[in-house]
Amino acid sequence: MEKIASFTINHLKLLRGIYVSRKDSVNGEVITTFDIRMKEPNREPALDPKAIHTIEHIAATFLRNDRKWSGKVIYWGPMGCLTGNYFLVKGDLKSEDIVELMKETFRFIADFEGDVPGASPKDCGNWSFQDLELAKKESRKYLEEVLEKIKPENLHYPQD
């Protein structure tokens, strides 16, 4: 089998950041998949599964309610390796195009109070598998250490 594109990125050099993972054409429209990398792969612990599940619920809800972006949002969800999230958006975009949106998103999660959206037995298949405080802590860390100090090396995959 041929290796898929995401497995050709050198994860030993990959930093936390926002990366264009791929672009696909669907019915003539470009769909951009972003790699929202919150942890350095293989160099720091992955995200706690409960925390990333909570991040997923809050981020997906926030993004689908954003006035400017809601009509472009296709999907937000965790990576299997638990080092980040995938964000799929309509449009031919660059990482730089969503930095402000990601700042707003992670600031919203870091400051979130109340019930986690969709965290009920009726709304989610594993509704109690949540950790709001840890999600807030991880979101603030990513916001303060990466997004608010974003550099070119956090926006473009490392060349191997």
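A compact table of results
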{"quantity": "Selection within segment 108-139 - surrounded by 12 or more Cβ atoms within 10 Å (Cβ to Cβ) and more than 15 Å from Asp48 (Cα to Cα)", "calculated": "Phe108, Ile109, Ala110, Phe112, Val116, Pro117, Gly118, Ala119, Cys124, Trp127"}
{"quantity": "Residue that is in a helix (DSSP H, G or I), under 30 Å from Ala119 (Cβ atoms) and without any contact (Cβ under 8 Å) to a residue 12 or more places away in the chain, where the choices are Glu56, Glu44, Glu100", "calculated": "Glu100"}
{"quantity": "Residue, nearest to Glu148 (Cα to Cα), within segment 1-19, restricted to residues that are touching a strand residue (DSSP E or B) at 6+ places or on another chain (Cβ under 7 Å) and not in a strand (DSSP E or B)", "calculated": "Arg16"}
{"quantity": "Segment 64-88 - residue that is surrounded by 22 or more Cβ atoms within 10 Å (Cβ to Cβ) and either free of Cβ contacts under 8 Å to residues at least 12 places away in the same chain or not polar (S, T, N, Q) (or both) and, of those, nearest to Val30 (Cα to Cα)", "calculated": "Phe87"}
{"quantity": "Pairs where the first residue, in segment 25-36, is assigned to a strand (DSSP E or B) and the second is loosely packed, with under 10 Cβ neighbours inside 10 Å and among the hydroxyl-bearing types (Ser, Thr, Tyr), C-beta under 9 Å, 6+ apart", "calculated": "Ile31/Ser25"}
{"quantity": "Counted residues, segment 104-143 - those being part of a helix (DSSP H, G or I), small (Gly, Ala, Ser) and closer than 14 Å to Glu56 by Cβ", "calculated": "2"}
{"quantity": "Residue in segment 60-97 that is farthest from Ser6 (Cα to Cα), counting only those that are polar (S, T, N, Q) and assigned to a helix (DSSP H, G or I)", "calculated": "Thr61"}
{"quantity": "Within segment 11-34, considering residues that are hydrophobic (A, V, I, L, M, F, W, C) and more than 22 Å from Leu82 (Cα to Cα), the one surrounded by the most Cβ atoms within 10 Å (Cβ to Cβ)", "calculated": "Ile31"}
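Coordinate-derived values only; no laboratory data. Nothing here was measured: the structure is a model prediction, and the numbers come from that model. Here the Cβ is made from the backbone with ideal geometry for all residues, glycine too, and neighbour counts use every protein chain on show.
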